[in-house]
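Encoded as structure tokens, the structure appears first; notes follow it.
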Amino acid sequence: MARLIVVSNRITVPGRPGDASVGGLSMALAAALQQYHGVWFGWSGETTPDFTGRPNIIASSGITLATIDLEAQDVQEYYNGYANTVLWPLFHYRMDLTQYERAFGQGYARVNARFAETLIPLIEPDDMIWVHDYHLIPLASELRRRGLKNRIGFFLHIPWPACQLMATLPNHRDLVQALFAYDLVGFQTRDWLAAFHGYIADEVSGTVKPDGRVTAFGHTLKTGAFPIGIDAENFAQLIETPAASKSYDMAAATNVYRDLIIGVDRIDYSKGLEERFLAFDHFLANNPAFHGRVSLLQIAQTSRSAVEAYQDIGARLDGVTGRINATHGGLDWIPLRYVNRSHSRDVLAGVYRAAKVGLVTPLRDGMNLVAKEYVAAQNPLDPGVLILSRFAGAARQMQDAVIVNPYSREDVSDAIKRALTMPKPERIRRWEALMAGVRREDVAAWRDAFVAALQTSQSGPATQIEAADVNPLNAPLTA
């Protein structure tokens, strides 16, 4: 069997202190690689005075990890700059937060070239390469420039924006053309896939065939929707661990005679945390009968603190939390607890199980695995209720959740009341349908579907992209 080489911006070393995760890409890739004698390649998260191009090889939990350190300028321009100040807000429909700078585009191209230089010596002729997320869109074009002929797939974990939004990106055609160096490009949902197809048809006059093959810039690639999942059975079993049992007991004891609502997110404007808090405030203001009987616990991990748009989110959330508690709380009741730190998955599993309501209301999200983890942690005999934003990619698969518009305080407030008063038979029916989907469309199904599509993706000269035909992205991507 051919090896699978997974490439992502960051690598999380399983079991390393400080690498606790609330879900997402790192846990999904670690689970996927367990089935392959594969290599996981990416940035270590550390900086170095001078880039060496020599990877650090580590064996961990049956996976070979290859990490590189980046220069401080690389981190600022590639990661904080182009990836998270340009692409992330744009792809999440926040044009107001995008900051285009020429140096950001240059750093983005430079780091992708450095990834390619370091990765090439590790690749064997039969290996398949699976590249992940918006940080590394140009990587295949850099690998092709260096003569690599292997199959290369790309998976986007965040939304793809509508055509008119994508067109606001300076040199957007160059970025999209770089995707045509891949053999397969995957998206989380049919919505994001359709948005990409719309760009190809409307902006560059390409063609889209019913089987997902897309032709533009003189080349053809295969596209598809591959919704990511979790290791459902493993997560469901976490509730039996000592850490999960302890966190369950503590959450239950803290909320004795009260119903617990749980939210778990990174601190990010796309997660809609301030809107969520204000919706809970609206619920309390309009439902005095629930005073003292319900509390919201929001666990939020700081992220991208070096990016300007993130620096005031925490302060705003602190302010809203204080106002809500001052307005509605009492000596024996704190309505909203906002915990600004990360927790391990087993600890979270226990808290999920203790919560009667899982509140997952991002303003826009590629998938959102917290929704699936909440469902997997529930007690089958007395499950909680998932409230889920219609703008999360997971909403496509999880229609038995209570689906809400996160921009509407009234809608979310009504959903909270409905969830708290939902009869047990309805809760069980909804949970059983949701859990069946979480098990069926788990991380193994996602991995196998993508890899199978990648294995059959090179079907003719149109996908045999030669180095001279690929835009190397040496020119700045920003104007």
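Taking the conditions (1) in contact with a strand residue (DSSP E or B) (Cβ under 8 Å, 6 or more places away or on another chain); (2) in a helix (DSSP H, G or I); (3) touching a residue at least 60 places away in the same chain (Cβ under 8 Å) in turn, Gln76 satisfies each one other than (1). The selection criterion, being closer than 30 Å to Asp442 by Cβ, at pLDDT 95 or above and part of a helix (DSSP H, G or I), holds for Ala83. Let me confirm something: among Ile403, Ile428, Ile416, which residue is buried (at least 24 other Cβ atoms within 10 Å of the Cβ), outside the structural domain of Asp126 (by TED's automatic domain parsing) and either of a type outside the set (A, V, I, L, M) or more than 30 Å from Lys149 (Cα to Cα) (or both)? Just a single option satisfies the conditions, and that option is Ile416. Selection within the range 159-198: residues that are in a loop (DSSP other than H, G, I, E, B) and touching a Ser or Thr at 6+ places or on another chain (Cβ under 6 Å). The member of this set that is surrounded by the fewest Cβ atoms within 10 Å (Cβ to Cβ) is Pro170. With respect to Pro210, is the statement that it is surrounded by 14 or more Cβ atoms within 10 Å (Cβ to Cβ), outside any helix (DSSP H, G or I) and out of contact with any strand residue (DSSP E or B) (no Cβ under 7 Å at 6 or more places or on another chain) true? Against the criterion (surrounded by 14 or more Cβ atoms within 10 Å (Cβ to Cβ), outside any helix (DSSP H, G or I) and out of contact with any strand residue (DSSP E or B) (no Cβ under 7 Å at 6 or more places or on another chain)), Pro210 does not qualify.
Filtered by the rule that a residue be surrounded by fewer than 24 Cβ atoms within 10 Å (Cβ to Cβ), in contact (Cβ under 8 Å) with a residue 24 or more places away in the chain and under 19 Å from the mean Cα position of the chain (by Cα), the range 370-397 gives Phe391, Arg396, Gln397.
Filtering the range 89-97 for residues that are within 29 Å of Val451 (Cα to Cα), in a helix (DSSP H, G or I), in contact (Cβ under 8 Å) with a residue 40 or more places away in the chain and touching a strand residue (DSSP E or B) at 6+ places or on another chain (Cβ under 7 Å) leaves an empty set. Looking only at the range 109-127, residues that are crowded, with 24+ Cβ neighbours inside 10 Å and within 22 Å of Ala453 (Cα to Cα) come to 0 in all. Here Ala201 passes the criteria (1) buried (at least 21 other Cβ atoms within 10 Å of the Cβ); (2) among the small types (Gly, Ala, Ser); (3) not in a strand (DSSP E or B) except the one numbered (1).
Of all residues in the range 119-158, those satisfying the criterion of being outside any loop (DSSP other than H, G, I, E, B), closer than 30 Å to Phe391 by Cβ and either in contact with a strand residue (DSSP E or B) (Cβ under 6 Å, 6 or more places away or on another chain) or touching a residue at least 60 places away in the same chain (Cβ under 8 Å) (or both) are Trp130, Val131, His132, His135, Leu136, Leu139, Ala140, Gly153, Phe154, Phe155. Within the range 242-258, residues that are assigned by TED's automatic domain parsing to the domain that holds His343 reach partners that are exposed (fewer than 14 other Cβ atoms within 10 Å of the Cβ) with beta carbons closer than 9 Å, at six or more positions or on different chains, in the pairs Tyr257/Arg293; Arg258/Arg293. Looking at Val204, Val294, Val208, just one residue is among the hydrophobic types (A, V, I, L, M, F, W, C), in contact with a helix residue (DSSP H, G or I) (Cβ under 7 Å, 6 or more places away or on another chain), touching a residue at least 24 places away in the same chain (Cβ under 8 Å) and not assigned by TED's automatic domain parsing to the domain that holds Leu420, and that residue is Val204.
Select from the range 345-368 the residues that are in a loop (DSSP other than H, G, I, E, B) and either surrounded by fewer than 23 Cβ atoms within 10 Å (Cβ to Cβ) or assigned by TED's automatic domain parsing to the domain that holds Ala162 (or both) and list them in ascending order. Answer for the range 345-368, where residues must be in a loop (DSSP other than H, G, I, E, B) and either surrounded by fewer than 23 Cβ atoms within 10 Å (Cβ to Cβ) or assigned by TED's automatic domain parsing to the domain that holds Ala162 (or both): Lys356, Leu363, Arg364. Looking at the range 40-51, is at least one residue touching a residue at least 60 places away in the same chain (Cβ under 8 Å) and in a loop (DSSP other than H, G, I, E, B)? Yes, the range 40-51 has at least one match.
The values are calculated or read from the model by the stated rules, or taken from the named source; none is laboratory data. Keep in mind the model is a prediction, meaning the values are calculated, not measured. Cβ sites come from the backbone with ideal geometry, for glycine too, and all protein chains shown count toward neighbours.
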